[in-house]
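Just so you know, all these numbers are worked out from the coordinates, no wet-lab data involved. Note that the coordinates shown come from a computational prediction; the quantities given were computed from them, not determined experimentally. Backbone-built Cβ (ideal geometry, glycine too); neighbour counts: all protein chains shown.
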Amino acid sequence: MRAPVQKTRPRRTGKQTAPAGSAEQIPGTPGTSTPPQPETPVGKGRPTHVRNRLIVAVAVVAAAVAGAGAPSVVAASGQLNDSQELVTLAEQTQGALTLAHSLADERDEVTPYIAAGRPKSKAPSEQRSARVDRQVEELRADPDTPASLREDLDAVAALRRAALTGKSTALEAHEAYSEAITELHALAERLGEEMPPRAGAGAYALAELDTAVQQAAATRGLLLAALNVPSTTETVFDPITGLPTEETTTSDADAEQRDALSAAAQQARVRSDAALADFRDGAPKEARSSFDATVAGPEVNSAEKYLAGLTDEPTLSDDDLRTSTKKLGAALSARVDAMRGAESALYEKRVKSLEQLRDDDVTALEIRIAVLGALILLTIGVATALARTLTRPLSVLRRGSARLAGAEDPTAEDPVAFTGRNDEFAQVVRSVNALHTHAATLAGRVATLESDRKHLVGQRQKMADAREGLRAELAESAAQLEVVRKSIGSTFVNLALRTLGLVERQLAVIESLEEREQDPDRLATLFKLDHFATVMRRHSENLLVLAGTEHVQHSASPVPLVDVVRAAVSEIERYERVRIAALPPHAHVAGFAADDLSHLLAELLENATSFSPPDLPVEVSGWLLENGEVMLSVQDEGIGMDTERLQRLNARLTDFDPEAPFDQEGEDGLGLGLYVVARLAHRHGARVRLREQKQGGVAAVVVLPSPLLAAAPPAALAPTVPVSDGTGSFSLPGADAEANSNVLHGRAEKAERVQPHTGTEAGPAPAPEPGTDPLVASAEEAVCRAE
């Protein structure tokens, strides 16, 4: 009998919990019953079917095919719309050109009528005007006619009335008609511009031909109008030959009108020839041949001769005025009609070609739609067939696996039968059957695994308990280490304080000996002992600084900066090498920071004298900055240090962490002196930086902020002028004496002492004289042995 596998998950405590509805006993063991196995959750929400997903996939594929073919169909539809618009525009252009020809004929009839003085016998034909009005109404009825053209067409009737009954000249009437004709000609130009390349070459040639036709008609009307200007003919006798001759006379106004008309006719002829040349350059060979064949014959040749003779000059000669207007009008009209016929034939061919282009676009659109529909149907069919090849074996697999999973005794059920195919579904069926075969075997192993699991859980609990014990021991060890560290620190501080106490007592004894001593040599020895004790006191204070304990005696009143510097000089071993240069006059340091600042300067002076040649001086100088701060500089001419080391030390001094332990070793170690300097500077907010000097050595710069400075008391306002010793440095009064002072001024009341300086090394200690203090004698002897 197959035993269900218990589903458990480990908690963080190492224990496992069983899901709701499961038993605590191991299934399949004697004395236990197998509870119903809960269904394993496989997802959330409503159940879905693969069949529905496949249907969606088929629909998506069909939509993708349709989307892929849609741009082609849209493009073909766009081309069809463009072709239909071109056909409509071409048909509209044909009607407009027909109207333009009728308007040109009416213009060419009205213009000579006005030039002749509007005689009733030559009044324009009403039939021609009626035909023009009918054509205007037909064109206005077209909904595609532009609004600007509609306005010009509405003005045709008023234009005719103004020309026939108004006071306008023949040239003005001609220009008014020409404006309306130009608007109609704009349709031909628009058609030429919108012709696509696939419609063939010579798209704009017909517009040029229409221009040539319109200008040829204008030439005809202007020439007839110029010849109809009134004139008189008189017969006179030649005074030389005595033969009669005819002479034409005209008034000045009529002559001016005739000249303007003839000049306009010449310009129209030039424009007609230029447009005709452009037509021949842009039109295809077939169109040129058709035009040449149509515009030919004796009448056309006669018209060319008339034009050549009448338009060669801007004005007409007397011979030109004798030209028959009837013959001229017939010849020019025949030429214009021939050109209009050629133009109409070419436009008819263009309309047919555009209609054929539209029909081709319709066919292309139908083919594309048919191909796209066939592809969609083919895609749906193939996708549906493929989907059925997935859903059928999936259905068999689903029913078989559900039968095996729902059986109480899976070993009694037959395996899932799936024949005829050897694909992934067959592999899944074989895997399901293999799982069914091993189900019984796994049930026997469950009990063993559960026993091992409990054993591992117990071992894990033991390891957790051991870990907690180690954590407790670690915490206890850390606490003990902290206690030991505090105890050592306290012992460290206690020893340092005891040493300081002994040093202070020693200094007091030495001071008492100095006060009673009169011998200069012995007094010099006592000064050296005093100085050594002062150095020892500074070292003891270093121990307190390292321990993080502050042990200073604050002065209640401000201390002069020069006294602070002197006290610092007195606390180093090689004080005689220090030269105090210029310092800010009347600069005073606050009493609470005087001792620490003196200690800080002493450490910098100690480093400067230790890392520089013994025969070179160390200079201390100071300046008052513009922002009220004071900058002190300790300069030596020693070995210096490399740039990288200098940058690391400056970084440590700038970003000093007072909580960090003292590290003597390592590349970034500050050393004892600079570590003490960093702690003292951090305590009072001073800034310390090391700089490399061009002449060699290092300059330590200390910037004292304004809070560390104090105003001088009234008793200290008398200035002390530093006196130069001729070497560029300054020697301040009392500097040598302060080198042996172990306290700052104001810390204790004692008399100022001046140390005698002989410039020679001390010799062996002399024998003690009677009555000499034995302590002084032993001290002098010890100093002599040390030297």
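Once you compute Rg and the Kirkwood Rh from C-alpha atoms, what is the Rg to Rh ratio for region 414-551? Please list the in-between numbers first.
Numbers: Rg = 42.2 Å, Rh = 23.9 Å.
Rg/Rh for region 414-551 comes to 1.77.
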| field | Charge dipole (region 240-379, unit charges on Cβ, about Cα centre) - positive-most of Leu377, Pro298, Thr311 | value | Leu377
| Once phi is turned into ³J(HN,Hα) by the Karplus curve 6.51 cos²θ - 1.76 cosθ + 1.60 with θ = phi - 60°, what whole-Hz value does each residue of region 166-182 show in order, with x for glycine and proline? | x, 10, 6, 7, 5, 5, 5, 4, 4, 5, 5, 5, 5, 5, 5, 5, 5
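Take each of the peptides 426-438, 301-313, 464-476, 106-118, average the number of other beta-carbon atoms within 10 Å over its residues, and list them starting from the highest. Let's see the in-between values first.
Working: 426-438: 14.7, 301-313: 16.5, 464-476: 10.2, 106-118: 22.3.
The densest-packed peptide leads the list: 106-118, 301-313, 426-438, 464-476.
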| task | May I have the pair-distance distribution P(r) for region 580-714, computed from all Cα-Cα distances with 10 Å bins from 0 and rounded to whole percent? | result | 11, 43, 35, 11, 1, 0
| query | For labels at Ile639 and Glu473 in the simple 7 Å Cα→Cβ model, what's the distance in nm? | reply | 4.9
| remark: Expected sort for 169-176, 520-527, 96-103, 149-156 on mean C-beta neighbours within 10 Å, highest first, is 96-103, 169-176, 520-527, 149-156
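Stick to Cα atoms and the Kirkwood definition of Rh, then tell me Rg/Rh for region 68-370. Let's see the in-between values first.
Values: Rg = 23.2 Å, Rh = 21.3 Å.
That ratio equals 1.09.
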| query | What does region 260-351 give for Rg and for Dmax, in Å, if only its C-alpha atoms count? | reply | 14.7, 48
| remark: Of the listed pairs Lys120/Lys326; Lys167/Lys305; Lys120/Lys305; Lys120/Lys167; Lys305/Lys349; Lys305/Lys327, those with alpha carbons more than 24 Å apart are Lys167/Lys305; Lys120/Lys305; Lys305/Lys349
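Which FRET efficiency value, to the nearest 0.05, do you get for Glu313 and Glu194 by plugging their Cβ-Cβ distance into 1/(1 + (r/R0)^6) with R0 = 41 Å?
Details: r = 41 Å, r/R0 = 1.00.
For Glu313 and Glu194, the calculated efficiency is 0.50.
Around Leu390, with a cut-off of 14 angstrom between Cβ atoms, what is the net charge of the other residues, counting Lys and Arg +1 and Asp and Glu -1?
Working: positive: Arg51, Arg53, Arg388, Arg392, Arg398, Arg421; negative: Asp423, Glu424.
With Lys, Arg at +1 and Asp, Glu at -1, the net is +4.
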| said: Taking just the alpha carbons, could you work out the radius of gyration and Dmax for region 669-711, both in angstroms? | reply: 12.4, 38
